[in-house]
Structures are given as C-alpha cells and as structure tokens.
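Below is one structure, written out as structure tokens, with a few remarks after it.
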Amino acid sequence: MALAAAQAVGHVRGLLERLGLADKRLLLAVSGGADSMALAYIVSRAIGFEGCMAVTVDHGFRAESALEAAAVGRYMRKLGIRHEVRRLEWGTGKGSAATQVPPIQRLEEVA
C-alpha cells in the first residue's frame, strides 16, 4: 500500500473511531466513480471488509449503466466487500410511484 493510501486509511480509521462507527457495519453507496471506489477501498481497509457492504444504484439512464454496476460489483468482490445492485424502475408519467421514492430510501431497504 502506498504511503498516501496508508495515511488515508489511518485518518479514516481515526475519524470512524471518534464518531463511534469503527465497530459498526457500514453501508457504502458506490457509484463506480473514482471517488466512491477509492473511499470503499479506504473504508474497507480502515475497519475491515467484513464491516462493509456496498450498494450500487443502477439508474438505467444509459444503456451501459447495468454493465457499470456489474463492474463495481467485481471490484467490490476483489476487496472482499459484499455488494448489491439496486435497479431503479422509473415509472411512466408524472407522479408515478417509482419516481416519488428517493434513491436514498431504496438504499435503506438494503440496510
């Protein structure tokens, strides 16, 4: 592990300890972008992969979103982090039930 990554892991471990979260299971929302992938790595090393679960929301806005979510899952498995993909089903028309449920509520269903 490079020095910068080791420092980040130590910093995050200390932060989680101060917040009383170091011994809790954490749900990580991982989009597949560089920031969320790096944070998943750092958190999993700070508290142990068994303390983490990752969720990726497949928004379905682009045809490749399912493939991207699957790629996140493969990386999470390499890290030893349990991972689920949640597909958003967008309703048709204004006011449909699916469009009224915020994505964060769908993540809470996993937790």
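The values are calculated or read from the model by the stated rules, or taken from the named source; none is laboratory data. All of these numbers come straight from a predicted model, not from anything done at the bench. Note: ideal-geometry Cβ built from the backbone for every residue, glycine included; neighbour counts use all protein chains shown. Areas reflect the complete protein model, heavy atoms only, side chains present, ligands, DNA and RNA absent. Shrake-Rupley method; radii C 1.70, N 1.55, O 1.52, S 1.80 Å.
Is it true that Y41 is closer than 19 Å to R86 by Cβ, open to solvent by 50 Å² or more (accessible area, probe 1.4 Å), within 12 Å of the chain's Cα centre (by Cα) and of a type outside the set (A, V, I, L, M)? Taking the combined requirement at face value, the residue does not satisfy it. Every residue in the stretch 31-40 that is assigned to a helix (DSSP H, G or I), farther than 11 Å from V9 by Cα and in contact (Cβ under 8 Å) with a residue 12 or more places away in the chain, please. Selection gives M37 alone.
Applying the selection to the stretch 46-92, what residues are part of a helix (DSSP H, G or I) and under 26 Å from G14 (Cα atoms)? A46, I47, F49, E50, G51, Y75, M76, R77, K78, L79 - these are the residues of the stretch 46-92 that are part of a helix (DSSP H, G or I) and under 26 Å from G14 (Cα atoms). Within the stretch 1-22, the set of residues being of a type outside the set (K, R), within 20 Å of M76 (Cα to Cα) and touching a residue at least 24 places away in the same chain (Cβ under 8 Å) comprises M1, A5, A8, V9, V12, A22.
Among the criteria (1) in contact with a strand residue (DSSP E or B) (Cβ under 6 Å, 6 or more places away or on another chain); (2) at pLDDT below 95; (3) buried (at least 16 other Cβ atoms within 10 Å of the Cβ), the one V110 does not fulfil is (3). The one condition from (1) assigned to a helix (DSSP H, G or I); (2) open to solvent by 40 Å² or more (accessible area, probe 1.4 Å); (3) hydrophobic (A, V, I, L, M, F, W, C); (4) at pLDDT below 85 that M1 does not meet is (1).
Scanning the stretch 4-30 for residues that are assigned to a loop (DSSP other than H, G, I, E, B) and open to solvent by 70 Å² or more (accessible area, probe 1.4 Å) turns up L19, D23, K24, R25. Entry remark, the stretch 53-90: residues being under 14 Å from G33 (Cβ atoms), of a type in the set (G, A, S) and buried (at least 16 other Cβ atoms within 10 Å of the Cβ) number 3 in total.
Yes or no: E50 in contact with a Gly (Cβ under 8 Å, 6 or more places away or on another chain), among the charged types (D, E, K, R) and modelled with pLDDT under 95? So E50 fits the description; yes. With respect to V43, is the statement that it is in a helix (DSSP H, G or I) and either touching a strand residue (DSSP E or B) at 6+ places or on another chain (Cβ under 8 Å) or in contact (Cβ under 8 Å) with a residue 60 or more places away in the chain (or both) true? So V43 fits the description; yes.
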